[in-house]
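Report on the structure given below.
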Amino acid sequence: MLTTADLAAYLRTANSGLQPYLDAARSKARAAGIPDYQNNAQYDLFILALSAMYYDNRGMGTPLADPAKAQRMIDSFVLELRHAGEDPVEEAGAE
């Protein structure tokens, strides 16, 4: 499961105050019909990207730079993730 430390590394910012953005991204994913995957790299990237979008646009009066682009990104992930399943688990020592 992604943590605020993961989001901080993705954003290249401090780890403080990031939980609401992760929570909002997970909530948006659930509302879109995406399961809460525990082992799916594409899901993790979607949650990080969506969290980053929320973080970058955190000011109530700050409009998205390109709302249509943001919606296309969300739609693309949603279509692929609704029925994606978990990623295979790699065995220790396997490359």
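Brief remarks on what is shown
- Modelled spin-label separation between GLN19 and MET1, with each label point placed 7 Å from Cα along the Cα-to-Cβ direction: 1.2 nm.
- Listed peptides 43-51, 75-83, 16-24 appear in the order 43-51, 16-24, 75-83 once ranked by packing, highest mean of other Cβ atoms within 10 Å at the front.
- Each label point was placed 7 Å from the Cα along the Cα-to-Cβ direction; for GLU90 and ASN39 their separation is 1.3 nm.
- The alpha carbons of the chain give a radius of gyration and a Dmax of 14.2, 50 Å, in that order.
- For the chain, the longest principal axis of the Cα atoms and the long axis of helix 41-56 meet at an angle of about 10 degrees.
- Helix 67-81 axis, angle to the chain major axis (alpha carbon atoms, nearest 10°): 20
- Cβ-based exposure ranking for MET53, MET1, in which fewest neighbours within 10 Å come first: MET1, MET53
- Projected label points at ALA49 and SER76, each 7 Å from Cα along the beta carbon direction, are separated by 0.5 nanometres.
- Rounded to 10°, Cα long-axis angle of helix 19-31 versus longest principal axis of the chain: 70
A short reminder: the numbers here are calculations on the coordinates, not readings from a lab. Everything quoted here is computed from the prediction, not taken from an experiment. Cβ coordinates were reconstructed from backbone atoms using ideal geometry, including for glycine residues, and neighbour counts include every protein chain displayed.
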